[in-house]
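Student: This structure is in C-alpha cells; I'll ask about it shortly.
The values are calculated or read from the model by the stated rules, or taken from the named source; none is laboratory data. Computed from a prediction, not measured in an experiment: that's the story for all the values here. Cβ coordinates were reconstructed from backbone atoms using ideal geometry, including for glycine residues, and neighbour counts include every protein chain displayed.
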Amino acid sequence: MALKDPLPIRTLPEQIAAKIRQAILIGQLKPGARLVETRIAEQVRTSRGPVRDALALLEHDGLVIKLPNRGACVVDVSEQRLREAASLRALLEEFAVAQAVQRLTAGDLAELESLIQGMETAARLRARDKFNELDYRFHDRILEASGHQTLHETWRGMQRRIRAFVASTNLANSDLQAVARRHRTIFKALALGRLTESRRAIRAHFARLEEELEFLLATRTSGTPTASVQRPPRGRAALRRRPRSQ
C-alpha cells in the first residue's frame, strides 16, 4: 500500500469487535463467558446496535457463538476442532512458504529479521506476551508475502481460535528461546531462497507445536497444574511414543 493512500477507517462495530477480540486472545475473557450486549454497551458508551454488530463479526471469526437462552458467549473450542485447526494450519503454512520463498523482497526479509530479533530479545527477557505477538506477526508476514489472499484469510481465522485457546489455559510454550531458534532456521532458508529447506524447517516447527498442543490439551483435561504435567517428549523419544498413522 502506498503511503499516500488513505488509511482504512474502522467502523464502530469493528472497533468494539477489536477490543473484545483482544480480551479473548489475551485470556481476559474465558471460554464460555457470556457477552451481554447491555453491559458491553455501557462499558464502551454506545447503544446496543453497534455491540450486536460487533458480536456478529466475532461470530463470523469463530470466536463467539450465540446459544439459546444464553445469548452470545466466547467459544469453547473442542479438542477435535483444535487438532483439526492446528494440522490444517501446518499444511497451509507449508504451502504459503512454497509460494513466498521466491516472492519475498529485501524489504520483506528485513522485516522478518527484525521480528526474529525482537522474539530473541523477548525470549531472553521472558516477555511471553510480546514474544507471542511477534511470533504471530512473523507467520502473518509470510502468509501475506505468499500473495494468496484466500489462504491468508483462512489462516487468520484458524490462528485466532488457537491463540484464544492457549490464552484461556494460561499456558504457553515455556522454551521461548527454542521457538526463536526454529524461527531463525525458517528465516535462513527463506532468505537463501531454498524451497526444500524452507518446507523442512516449517514442518519441523509444526511437529514441535503439535506436541505442545497435546500437552496443553492433556493439562486442560486432567486439570493438573503446569509444573506437574510432564512436558511432551522430543526427538526419538517422541517418535517411539507416537502411534503410527493408519
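Student: State the number of residues belonging to the range 59-82 that are closer than 16 Å to Ile162 by Cα and in contact with a Leu (Cβ under 8 Å, 6 or more places away or on another chain).
Tutor: 5
Student: Now for a separate question. Can you tell me which of Ala218, Ala178 is at pLDDT 75 or above, closer than 25 Å to Arg124 by Cα and loosely packed, with under 15 Cβ neighbours inside 10 Å?
Tutor: Ala178
For every residue, the table says whether it meets (1) in contact (Cβ under 8 Å) with a residue 12 or more places away in the chain; (2) within 22 Å of Leu195 (Cα to Cα); (3) among the aliphatic types (A, V, I, L, M).
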residue: Ala127; (1), (2), (3): no, no, yes
residue: Arg137; (1), (2), (3): yes, yes, no
residue: Arg141; (1), (2), (3): yes, yes, no
residue: Ser146; (1), (2), (3): yes, yes, no
residue: Thr154; (1), (2), (3): yes, no, no
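Student: Looking at the range 198-209, I want the residues that are of a type outside the set (D, E, K, R) and have a partner that is at pLDDT below 95 and surrounded by fewer than 19 Cβ atoms within 10 Å (Cβ to Cβ) with Cβ atoms under 8 Å, at least 6 apart or on another chain. Which pairs are those?
Tutor: Filtered contacts from the range 198-209: Ile202/Ala90; Phe206/Ala90; Leu209/Ala90.
Student: Restricting attention to the range 221-237, does a residue exist that is surrounded by fewer than 18 Cβ atoms within 10 Å (Cβ to Cβ), at pLDDT 55 or above and in a helix (DSSP H, G or I)?
Tutor: yes
Student: Return yes when Lys30 is outside the structural domain of Leu134 (by TED's automatic domain parsing) and at pLDDT 90 or above and no when it is not.
Tutor: Spelling it out, it is not the case that Lys30 is outside the structural domain of Leu134 (by TED's automatic domain parsing) and at pLDDT 90 or above.
Student: Quick one: in the range 8-33, of everything that is basic (Lys, Arg) and assigned to a helix (DSSP H, G or I), which residue is surrounded by the most Cβ atoms within 10 Å (Cβ to Cβ)?
Tutor: This residue is Arg21.
Student: So, of the residues in the range 34-55 that are among the small types (Gly, Ala, Ser) and either exposed (fewer than 15 other Cβ atoms within 10 Å of the Cβ) or within 16 Å of the chain's Cα centre (by Cα) (or both), which turns out to be farthest from Met158 (Cα to Cα)?
Tutor: Ser47
Yes/no per residue for (1) assigned to a loop (DSSP other than H, G, I, E, B); (2) surrounded by 13 or more Cβ atoms within 10 Å (Cβ to Cβ); (3) at pLDDT below 95:
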residue: Gly107; (1), (2), (3): no, no, no
residue: Glu111; (1), (2), (3): no, yes, no
residue: Ile116; (1), (2), (3): no, yes, no
residue: Thr121; (1), (2), (3): no, yes, no
residue: Phe131; (1), (2), (3): no, yes, yes
residue: Tyr136; (1), (2), (3): no, yes, yes
residue: His139; (1), (2), (3): no, yes, no
residue: Leu143; (1), (2), (3): no, yes, no
residue: Thr154; (1), (2), (3): no, yes, yes
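Student: Taking Val97, is it among the β-branched types (Val, Ile, Thr), touching a helix residue (DSSP H, G or I) at 6+ places or on another chain (Cβ under 7 Å), in the same structural domain as Leu151 (by TED's automatic domain parsing) and assigned to a helix (DSSP H, G or I)?
Tutor: yes
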